[in-house]
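For reference, the structure discussed in these notes is given below.
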Amino acid sequence: MGYRRLAEIVAQGRRRWTQEAIGDALGLPQPSVARRLSGDTEWRRDDLIKLAAHLQIPLEEIVAAYMADDPSEADDEPEPNGADHVAAAS
């Protein structure tokens, strides 16, 4: 997933919001936000919706950034399964 592009978008908002503030808005602890921004943990749909609202960025832009191909990731890794993950929603 394009977690790097999503992290860039969030970083633009970090001029006003810290990871902790974003976590408060999403109902997540700061370490969970950091893991999502680094790509260690998948974003859930509801978190992306809340993130878009909190950053006042269109949801379509957040989802497009998240779904963007990341050239640093290998194509042979399986997509996570589960209804709560954005990748499984398509």
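The values are calculated or read from the model by the stated rules, or taken from the named source; none is laboratory data. Nothing here was measured: the structure is a model prediction, and the numbers come from that model. Every residue, glycine as well, gets a Cβ built from its backbone with ideal geometry; the counts of neighbours run over all protein chains shown.
Within the range 38-60, residues that are over 11 Å from residue 6 (Cβ atoms) have Cβ atoms under 6 Å from residues that are outside any helix (DSSP H, G or I) in these pairs: 42/80; 42/85; 44/84, counting only partners at least 6 apart in sequence or on another chain. The condition (being at pLDDT 85 or above, loosely packed, with under 13 Cβ neighbours inside 10 Å and not polar (S, T, N, Q)) is satisfied by just one residue among 60, 77: 60. Which one is farthest from residue 9 (Cα to Cα) among residues in the range 42-53 that are of a type outside the set (Lys, Arg) and buried (at least 17 other Cβ atoms within 10 Å of the Cβ)? Applying the filter and picking the extreme gives 42.
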